[in-house]
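Visitor: This structure is in structure tokens; I'll ask about it shortly.
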Amino acid sequence: MRTKMRYRVACTIAGSDSGGGAGIQADLKTFSALGVFGTSVITAITAQNTLGVTGIEAVTPDILSKQLSAVFDDLQPDAVKIGMIHNVEAARVVYRFLASFPVVLDPVMIAESGAKLIEDETIEYIKTKLFRCVSIITPNIPEAETLTGMKITDRATLVANARMLIEQGAPAVLLKGGHLAGDEKHDCLLIRNHEPVILSHPTVATDNTHGTGCTLSSAIAAYLALGEELTTAVKKATDYLQQALQAGANIKIGHGNGPVNHFFNPQPLKIFEP
């Protein structure tokens with residue numbers, strides 16, 4: 001009898017970006033580019049392009065729950081990425097579905113344009129509930145400062161802030177240092193009961209940074225779905241984003257901050273025994 005094979009599956013739980021550079025759209029592109037079958041659960045619809053966000057409408061808790069059931073019951077993801085959760089009702093629904101698979105939480109709060117994407121009540125729920133049932137969180141500097149109240153100005157405060165997020169309940173943190181000036185960008189990976197690891201890459205001179213956080217977190221989820229352990233998944237994901245930034249640096253699409261080039265080296269869907 002012929003053995004049945006399967007794709008590795010990742011699911012993104014996030015908002016839709018009509019401009020295609022961030023959110024669900026960036027996540028699915030990243031999954032596909034890395035050889036993982038992508039599924040999606042939409043938490044909110046945004047009117048958005050390279051210039052900014054002009055509207056947000058959350059889906060109802062009922063349809064959110066039905067999407068989660070449809071994906072999890074049938075396709076059984078190997079890893080999950082959580083992005084924008086606009087309100088606390090959505091956060092409560094998502095919390096009920098989290099199980100033993102790896103989960104990457106990107107606490108999306110502020111768009112590249114500066115627009116606020118999350119309600120205040122939701123932030124506290126994410127800290128007190130979701131932090132404790134995910135594998136890693138991946139805030140950028142403004143998001144980390146919102147979560148901890150601590151300003152980040154250099155590598156020392158980057159590490160200190162990551163430690164505070166661990167104290168708040170996160171099992172692991174990739175604190176992205178892209179907002180700090182310099183010829184190199186430094187991210188801090190901190191896993192509970194481990195020493196911090198600084199991941200450095202040369203700064204890419206480009207305005208095409210829309211969706212970088214979404215892309216990085218979904219790349220981590222993709223590598224986790226492929227069976228990589230957490231530290232390796234994070235390192236491979238940061239390398240992927242660096243190359244995607246470089247490949248899209250000189251492309252002009254839209255009139256604002258364009259996207260990275262997700263498909264600079266697309267991989268075929270990886271096939272495994274069940």
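The values are calculated or read from the model by the stated rules, or taken from the named source; none is laboratory data. Just so it is clear, the model here is predicted, and its values are computed rather than measured. Note: ideal-geometry Cβ built from the backbone for every residue, glycine included; neighbour counts use all protein chains shown. Calculation scope for accessible area: heavy atoms of the full protein, side chains included, ligands and nucleic acids excluded. Shrake-Rupley method; radii C 1.70, N 1.55, O 1.52, S 1.80 Å.
Visitor: Scan segment 196-261 for trypsin sites (Lys or Arg not before Pro) in coil per DSSP, keeping those whose Cβ has at most 11 other Cβ atoms within 10 Å, and list them by number. Display every interim value, and only then the final one.
Guide: Working: sites: K235, K236, K252; in loops: K252.
Those satisfying the criteria are K252.
Visitor: Sticking with the crude label model, points 7 Å out along Cα→Cβ, report the distance from D207 to N193 in nm, one decimal please.
Guide: 4.9
Visitor: Carbon and sulfur together cover what percent of the accessible area of segment 131-274 at a 1.4 Å probe radius?
Guide: Taking all protein chains in place, segment 131-274 shows 52 percent carbon and sulfur surface.
Visitor: Under a plain spin-label model, where a point goes 7 Å from the Cα along Cα-to-Cβ, how far apart in nm are D120 and T231?
Guide: 4.1
Visitor: So, for the chain, what is the accessible surface per residue at a probe of 1.4 Å, expressed in square angstrom? It would help to have the intermediate numbers written out before the result.
Guide: On the way: 12150 Å² over 274 residues.
With all protein chains present, the chain gives 44 Å² per residue.
Visitor: Would you please give the residues with an amide H less than 5 Å from that of V80, counting only those at least 5 places away or on a separate chain, with H modeled from the backbone geometry?
Guide: Answer set, sorted by chain and number: C11, V103, V104.
Visitor: Among the lysines, which fall within straight-line cross-link reach of K81, defined as a Cα-Cα distance under 18 Å, with same-chain neighbours fewer than 8 residues apart omitted?
Guide: Output for K81: K29, K66, K127, K129, K176, K235, K236.
Visitor: Here's another thing I want to ask about it. Would you mind calculating the relative contact order of the chain from Cα pairs under 8 angstrom and at least 6 residues apart, reporting the percent as a whole number? Could the numbers behind the result be given before it?
Guide: Working: 607 pairs, mean separation 63.9, N = 274.
The normalised contact order for the chain reaches 23 percent.
Visitor: Restricting to DSSP H runs of at least four residues, report the calculated mean residue ellipticity at 222 nm for the chain, -39500 (n - 2.57) per run over all residues, nearest 500 deg cm²/dmol.
Guide: Numbers: 8 runs with 97 residues, N = 274.
Calculated at 222 nm, the ellipticity per residue is -11000 deg cm²/dmol.
Visitor: Could you sort 219-226, 254-261 so that the peptide with the highest average Cβ count within 10 Å comes first and the rest follow in order? Kindly include the intermediate steps, with their values, before the conclusion.
Guide: On the way: 219-226: 28.6, 254-261: 20.2.
Descending packing order for the listed peptides: 219-226, 254-261.
Visitor: What are the ³J(HN,Hα) couplings of segment 45-61, residue after residue, when phi is run through the Karplus curve with 6.51, -1.76, 1.60 and θ = phi - 60°? Round to Hz, x for glycine and proline.
Guide: Karplus-based 3J(HN,Hα) across segment 45-61 equals 10, 10, 8, 8, 8, 6, 8, x, 9, 10, x, 9, 9, 6, 6, 6, x Hz.
Visitor: Right, next: Note down the magnitude of the dipole of the chain about its Cα centre, charges +1 on Lys and Arg C-beta and -1 on Asp and Glu C-beta and zero elsewhere, to the nearest 20 debye.
Guide: Details: 23 positive and 27 negative charges, 131 e Å.
Using Cβ point charges on Lys, Arg, Asp and Glu, the chain gives about 620 debye.
Visitor: Between K151, K29, K176, find the one with the highest GNM mean-square fluctuation for the chain; connect C-alpha pairs within less than 10 Å.
Guide: For the chain, modelled as a Gaussian network with Cα springs under 10 Å, the answer is K151.
Visitor: Something else about it: When the dipole is taken about the Cα centre of segment 163-210, and only Lys, Arg (+1) and Asp, Glu (-1) are charged at their Cβ, what size is it in debye, to the nearest 20? All intermediate terms of the calculation are to be shown ahead of the outcome.
Guide: Working: 4 positive and 6 negative charges, 38 e Å.
Its charge dipole is roughly 180 debye.
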